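Structure first, then comments.
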Amino acid sequence: MRVEIKFRPAEEGTILPFNYNYDVYTQLVAKMATVSPEIAREAEVSHVDYFTFSRIMVRKRELIPDRGIRVLSDDVSLYISSSSNELIKAVVEGFIDSPILQIGDATFIADDIKVLKEPRIKESALFSTLSPIMVRTVKLSGNRMKIWDLYPNEESFFDKLRKVMLMRYSAIMGEMPEERDFSIDVVKFKPVRILVKDTYYRGSLMIFRYTGSREIARFGYENGFGEKTRYGFGMVKVIDEEREPEARE
């Protein structure tokens, strides 16, 4: 299930900090907790990422160096997705009970919540990211092992992504998908770096062609592609190629 929540800034000239992922994550868990402490605890302490969310979409904005994004539009949007309908319902009911989203000094008020129609995902689909995809590996640096964030132009990116998606699918769905093979062809990507709490993560905003297992494609759409999706990584949307032919360019 996927929902769009529209928020209006509490004050004119509200500035949204650049690095807000951890604030959004903690407040989503807090909203869950007001409705279902069990769901919130599982989402927070489990090694499995049960949900994902998008970047905060600000349609009209002004970048303020060293401060953030000045919101010039009447509202902003946040998309939240999970294969657990109960988790999404807990988030929605939490915002209905307490509609405030606080990000640093910026206050937003939930004005509208909409359940989005599920797209039909075929064996070949064009995806665009709503939040960056992150994939990590471990490299030997001298005598120490170092965690390394991968970009799509690195050879090990796809192999690691495939392993991550199979492990996450198995952990959440309780079984392996019948069809396990898939491939992605990156049309274009933009590297980004995001601070989550006290750690920087590198990820990639991208458009990519997905081919293969429908089960994994659906799972990725609902729960995010890659790692750390609970912190706002890996959300994608399906591009309607008949309506958006320019996305293929």
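Checking the conditions here, which among SER83, SER77, SER73 is touching a strand residue (DSSP E or B) at 6+ places or on another chain (Cβ under 7 Å) and in a loop (DSSP other than H, G, I, E, B)? So the residue among SER83, SER77, SER73 that is touching a strand residue (DSSP E or B) at 6+ places or on another chain (Cβ under 7 Å) and in a loop (DSSP other than H, G, I, E, B) is SER73.
Evaluating VAL135 against the criteria (1) in contact with a helix residue (DSSP H, G or I) (Cβ under 8 Å, 6 or more places away or on another chain); (2) open to solvent by 20 Å² or more (accessible area, probe 1.4 Å) leaves one unmet condition, (2).
Listed here are the residues, each with its yes/no results for (1) exposed (fewer than 15 other Cβ atoms within 10 Å of the Cβ); (2) basic (Lys, Arg); (3) on the phi < 0 side of the Ramachandran plot.
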site: LYS139; (1), (2), (3): yes, yes, yes
site: MET145; (1), (2), (3): yes, no, yes
site: LYS190; (1), (2), (3): yes, yes, yes
site: THR199; (1), (2), (3): yes, no, yes
site: GLY203; (1), (2), (3): no, no, yes
site: GLU222; (1), (2), (3): no, no, yes
site: ILE239; (1), (2), (3): no, no, yes
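Of the numbered conditions (1) within 27 Å of ARG218 (Cα to Cα); (2) in contact with a Leu (Cβ under 8 Å, 6 or more places away or on another chain), GLY68 satisfies every one except a single condition; which is it? Condition not satisfied by GLY68: (1). For the range 49-70, which residues satisfy the criterion of being more than 14 Å from the chain's Cα centre (by Cα) and assigned to a loop (DSSP other than H, G, I, E, B)? ARG59, LYS60, PRO65, ASP66, ARG67 - these are the residues of the range 49-70 that are more than 14 Å from the chain's Cα centre (by Cα) and assigned to a loop (DSSP other than H, G, I, E, B). Filtering ALA40, ALA106, ALA30 for residues that are within 23 Å of MET235 (Cα to Cα) and open to solvent by less than 10 Å² (accessible area, probe 1.4 Å) leaves a single hit, ALA40. The set of residues in the range 66-83 being without any contact (Cβ under 8 Å) to a residue 40 or more places away in the chain and touching an Asp or Glu at 6+ places or on another chain (Cβ under 9 Å) consists of LEU72 alone.
Could we say that SER98 is touching a residue at least 60 places away in the same chain (Cβ under 8 Å), in the same structural domain as ARG70 (by the TED database) and open to solvent by less than 20 Å² (accessible area, probe 1.4 Å) here? Even if it seems obvious, please write down each step before you answer.
Values: touching a residue at least 60 places away in the same chain (Cβ under 8 Å): yes; in the same structural domain as ARG70 (by the TED database): yes; open to solvent by less than 20 Å² (accessible area, probe 1.4 Å): no.
So SER98 does not fit the description; no.
The values are calculated or read from the model by the stated rules, or taken from the named source; none is laboratory data. It should be emphasised that the depicted structure is a prediction, and the values quoted were computed from it without experimental measurement. In this analysis, Cβ positions are derived from the backbone assuming ideal geometry, glycine residues included, and neighbour counts consider all displayed protein chains. Calculation scope for accessible area: heavy atoms of the full protein, side chains included, ligands and nucleic acids excluded. Shrake-Rupley method; radii C 1.70, N 1.55, O 1.52, S 1.80 Å.
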